[in-house]
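There's a structure below that I have some questions on.
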Amino acid sequence: MKGNNNRKVGDRFEKIIAYRLKGKVVKGSGCWTWRKGDVSSETTLIQCKHTEKNKYNLKLEEIIKNEKESIQEKKDPLFCFGIVSDSYIVSSSYKFEKKCLCTHKKSITLSKDFLKKYFELKEKLYLVYLYDNKYYHYEVETLDNFILREVL
């Protein structure tokens, strides 16, 4: 039964993201080889992940997969994750910040408490993955901040 509940929570999260980012939920997302992403708008392909735990393991391979699928769809990639009731957007960054979280692993675990405290002080969190002799730069921001920035 737990898996079924996770699906319902995930579906509800996708609907919220679609509404907030003016997109549409991709029907049967994850089931089809010809339909990519969880939410799609005219210009953006969004992959959504959600957890009811107090932390999320942000995996580089999931972000890269979303980027590749977005290129195939000729859209901009966005990766959205939710921790309980908080939502965050991950996007590629071409900006180099001296203060960032760096990892040489394939993933980084972000706790709800850490993110909440961090975003009380700053607008964006910069992540750098150093993996397979390549640097991957990303920005993480709250969904509300992302929407506000896009409107202005």
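Could you please tell me which pairs satisfy a Cβ distance under 6 Å, a separation of 6+ or placement on different chains, a first residue in segment 111-139 that is in a helix (DSSP H, G or I), and a second residue that is surrounded by fewer than 18 Cβ atoms within 10 Å (Cβ to Cβ)?
Pairs found: K112/N54.
Also, quick follow-up: List every residue pair whose Cβ atoms sit under 6 Å apart, with the two residues 6 or more apart in sequence or on different chains, where the first one lies in segment 68-80 and is acidic (D, E) and the second, anywhere, is part of a strand (DSSP E or B) and surrounded by fewer than 22 Cβ atoms within 10 Å (Cβ to Cβ).
D76/T44
Cβ contacts < 7 Å: first residue in contact (Cβ under 8 Å) with a residue 60 or more places away in the chain and closer than 19 Å to T44 by Cβ, restricted to segment 5-23; second residue assigned to a helix (DSSP H, G or I) and not aromatic (F, W, Y), any location; separation 6+ or different chain. Result?
Correct list of pairs: R20/L143; R20/I147.
Inspect all residues belonging to segment 1-10 and state whether any of them is outside any helix (DSSP H, G or I), modelled with pLDDT under 85 and surrounded by fewer than 12 Cβ atoms within 10 Å (Cβ to Cβ).
Scanning segment 1-10 turns up at least one residue that is outside any helix (DSSP H, G or I), modelled with pLDDT under 85 and surrounded by fewer than 12 Cβ atoms within 10 Å (Cβ to Cβ).
Determine, yes or no, whether S70 is surrounded by fewer than 21 Cβ atoms within 10 Å (Cβ to Cβ) and either of a type in the set (F, W, Y) or within 19 Å of L21 (Cβ to Cβ) (or both).
Taking the combined requirement at face value, the residue does not satisfy it.
If you don't mind, another one. Go through I63, I71 for me and flag whichever is out of contact with any Asp or Glu (no Cβ under 9 Å at 6 or more places or on another chain), of a type outside the set (G, A, S) and within 13 Å of H137 (Cα to Cα).
After applying the criteria, what remains is I63.
Still on this structure, I have one more. How about segment 62-110: which of its residues are in a strand (DSSP E or B) and polar (S, T, N, Q)?
S87, S91, S92, T103, S107, T109
Starting from residues that are of a type in the set (F, W, Y) and surrounded by fewer than 18 Cβ atoms within 10 Å (Cβ to Cβ), keep the ones in segment 115-138 and report whichever is farthest from V90 (Cα to Cα).
My answer is Y131.
Let me ask something else about it. Would you say L148 is of a type in the set (A, V, I, L, M, F, W, C), part of a helix (DSSP H, G or I) and within 18 Å of K55 (Cα to Cα)?
Criteria not met by L148.
Looking at E141, E97, which is the one that is surrounded by 12 or more Cβ atoms within 10 Å (Cβ to Cβ), more than 15 Å from T51 (Cβ to Cβ) and under 13 Å from the mean Cα position of the chain (by Cα)?
E141
Here's another thing I want to ask about it. Mind checking which residues of segment 41-61 are free of Cβ contacts under 8 Å to residues at least 40 places away in the same chain, out of contact with any Lys or Arg (no Cβ under 6 Å at 6 or more places or on another chain) and outside any loop (DSSP other than H, G, I, E, B)?
Within segment 41-61, I46, Q47, C48, K49, T51 meet the criteria.
The values are calculated or read from the model by the stated rules, or taken from the named source; none is laboratory data. It should be emphasised that the depicted structure is a prediction, and the values quoted were computed from it without experimental measurement. Heads up, the Cβs are rebuilt from the backbone with ideal geometry, glycines too, and the neighbour counts pull from every protein chain shown.
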